[in-house]
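Novice: I have a structure here, written as structure tokens, and I will follow up with some questions on it.
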Amino acid sequence: MQDREHIYIGGAWVRPMREAAPLAVVNPATARAIARVPACSGEDVATAAAAARAALAAWSALTPVQRAAYLQQIAQGLKARADELARLITSEVGTPIKQCGRLQVAGPLYAWGQYARLAAEFAFESEVGHSLVVREPVGVIAAITPWNYPLHQVTCKVAPALAAGCTVVLKPAETAPLSALLLAEVIHAAGLPAGVFNLVTGDGPGVGEALVTHPEVDMVSFTGSTAAGKRIAALCAPSVKRLALELGGKSAAVVLDDADFAAAAKGIVAACFQNAGQTCSAHTRMLVPASAYAQIKPLVAAAAASYAAGDPMDEATRLGPIANQRQLERVRAAIAQGQASGAELVAGGGPLPTGGFFVAPTVFGQVDPASPLAREEIFGPVLSIISYRDEAHAVALANDSDYGLAGGVWSADVQRAVRVARQMRTGQVDINGAPFNIQAPFGGHKQSGLGRENGVYGMEEFLELKSIQMPLPPKAA
Ligand code: NAD
């Protein structure tokens, strides 16, 4: 049991101000507690926000190159602990260890280095006509993150915010806070000035809401459920706090009639089942030509069969457990609802490892586009196959969603695929399974969110624009 009794405020590890029962961090593969972390209070949030405010002037006055040196130091500190991070994230989230290093650690390591480079290279000032346009840090940032890619989501906020000259109070997910605490150790070792980065632990309604509503917080950057995002937006409205939201999705992968069906089946199952389906950009709706359904169905069933659930610490495992008990119950309820809806069960059921939060990889076919299976985010290894009549119908179905985060198009004709991609109301589209690009903007249309993360676009979210009008030269007499 790894008990953590301290939080990180003002450059020091401190005990929370009030004694409260600690929060258990549970290994989803065993359902056993592996650590306890403090349940903070609004008083800790206030202390952390005050520390971030006090540090802001000096941090934002550093040159971008000086800030970049700290970020580079943090990148190196994380690199030195990369194996430890992968094991830690596997034990708190359940991501199979073989994928964890690539999915959960390599991206954040790259991103810290990337923001060091961007901070050093970025044009924080430019001229338009007689105006000097200055990009200034927004100020104190509240970063609230979920449990599915814990270090990645923290990095997507903290690294660009620090690069931009902001200071941060982070509240990681209460069910998977251990990698964030390790990051705080690395940041401390890197010698970041006191108060520039602060970390409090606790739940959403208590600690999260205290942070979101705190008057010293200038901007909230949130990743998580659409329901919590709406609540946070309402809480930010009275003070018109700047807001970035990265919320849920129900992303569609469109298989065009000329696609390589076997490759599409394999690629879409992978894009859906990655991290046991707990990925906001997972491709959870597979749109196929009605005339090719019978041909595609067995290909998808075969691809799903290669994702047997198993111990995430085993190198051979491709599908780990669901990350926590609450999520397990949601996923099981969605599968039961799918079975009751009359959709065809293409893959699912079978024996599962005992003791942890496991569900079988599940595929439904002939899914009604109006059913909850096709419309609601499940956040588990559940794929829905929906049939379409023609290309226009495929685009209409893809866009018939409250969400608009990601998607895919599969075709032998890349230009045709791009034409379809342009018609999709979504923040990103992968052609023929093209991989995630951490330098490209990531974020959603509609109820998938506000703003963009990653690359230079992610850093721009943490900058305010100021126009300074310079005096015009005197007119010639
Ligand atoms: P959640 O949105 O409740 O929690 C995410 C983070 O927000 C956590 O740190 C939590 O403590 C905090 N939070 C929750 N309510 C808050 C509030 N009112 N004010 C401030 N902070 C608050 O997510 P969850 O309940 O753990 O997961 C439920 C669903 O969320 C999943 O089924 C999935 O659909 C979705 N989800 C999406 C993402 C994503 O990357 N977009 C990530 C995780 C979960």
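Only the coordinates and a few stated rules stand behind these numbers; no lab work does. This one's a predicted model, so the numbers in the text were calculated from it and none came from an experiment. Virtual Cβ from ideal backbone geometry, glycine too; neighbours counted across all protein chains shown.
Novice: Taking +1 at the Cβ of each Lys and Arg and -1 at the Cβ of each Asp and Glu, which of P22, G443, W59 sits farthest along the dipole of the chain towards its positive end, judged by Cα position relative to the Cα centre?
Specialist: The Cα lying farthest towards the positive end belongs to W59.
Novice: If you don't mind, another one. Run through region 305-350 and list the GluC sites (Glu not before Pro) located in a DSSP loop whose Cβ has at most 16 other Cβ atoms within 10 Å.
Specialist: For GluC sites (Glu not before Pro) across region 305-350 that sit outside H, G, I, E and B with at most 16 neighbouring Cβ atoms in 10 Å, the list reads E315.
Novice: For T63 and A294, what is the calculated FRET efficiency with R₀ set at 51 Å and r taken between the beta-carbons, to the nearest 0.05?
Specialist: Values: r = 63 Å, r/R0 = 1.24.
Calculated value: 0.20.
Novice: Okay, moving on. Please report the net charge: other residues with Cβ closer than 12 Å to the Cβ of A264, K and R +1, D and E -1. Could the numbers behind the result be given before it?
Specialist: Details: positive: K266; negative: D257, D258, D260, D430.
Local net charge: -3.
Novice: Further question on the same structure: Toward the positive end of the charge dipole of the chain, about the Cα centre and with charges on Cβ (Lys, Arg +1; Asp, Glu -1), which of T279, Q295, Q2 goes farthest?
Specialist: Sorting the options by dipole projection puts first T279.
Novice: Oh, and also: Could you tell me the calculated FRET efficiency between D83 and T354, based on Cβ-Cβ distance and R0 = 22 angstrom, to the nearest 0.05? Spell out each step's value before the answer.
Specialist: Numbers: r = 28 Å, r/R0 = 1.29.
Approximately 0.20, to the nearest 0.05.
Novice: Still on this model: Looking at the chain, send over the antiparallel percent of its DSSP beta bridges, to the nearest 5.
Specialist: Details: 28 of 66 bridges.
Counting DSSP beta bridges with both partners in the chain, the antiparallel share is about 40 percent.
Novice: Separate question: Could you tell me whether the chain comes out rounded, prolate or oblate from its Cα gyration tensor? Rule is a ≥ b ≥ c as square roots of the eigenvalues, rounded for a/c under 1.5, then prolate if a/b exceeds b/c, otherwise oblate. Don't jump to the answer; show the numbers that get you there.
Specialist: Values: a/c = 2.04, a/b = 1.33, b/c = 1.53.
Verdict is oblate for the chain.
Novice: On full extension of the chain, what length is gained from M17 through S131, given 0.36 nm per residue of separation minus the C-alpha to C-alpha distance? Numbers along the way, then the final one.
Specialist: Details: separation 114, 0.36 × 114 = 41.04 nm, distance 4.80 nm.
Working it through step by step, the gained length comes to 36.2 nm.
Novice: Additional query: Quick one: grab the alpha carbon gyration tensor of region 135-217, order the square roots of its eigenvalues as a ≥ b ≥ c, and give me rounded if a/c is under 1.5, else prolate or oblate depending on whether a/b is larger than b/c.
Specialist: Oblate.
Novice: When the Cα centres of region 451-474 and region 272-309 are compared, how far apart do they sit, in Å?
Specialist: First find each Cα centre; the distance between them is then 42 Å.
Novice: Which order do the peptides 147-158, 125-136 take when ranked by the mean count of other beta-carbon atoms within 10 Å per residue, highest first? Walk me through the intermediate numbers first.
Specialist: Details: 147-158: 26.2, 125-136: 12.6.
Top to bottom by mean Cβ count within 10 Å: 147-158, 125-136.
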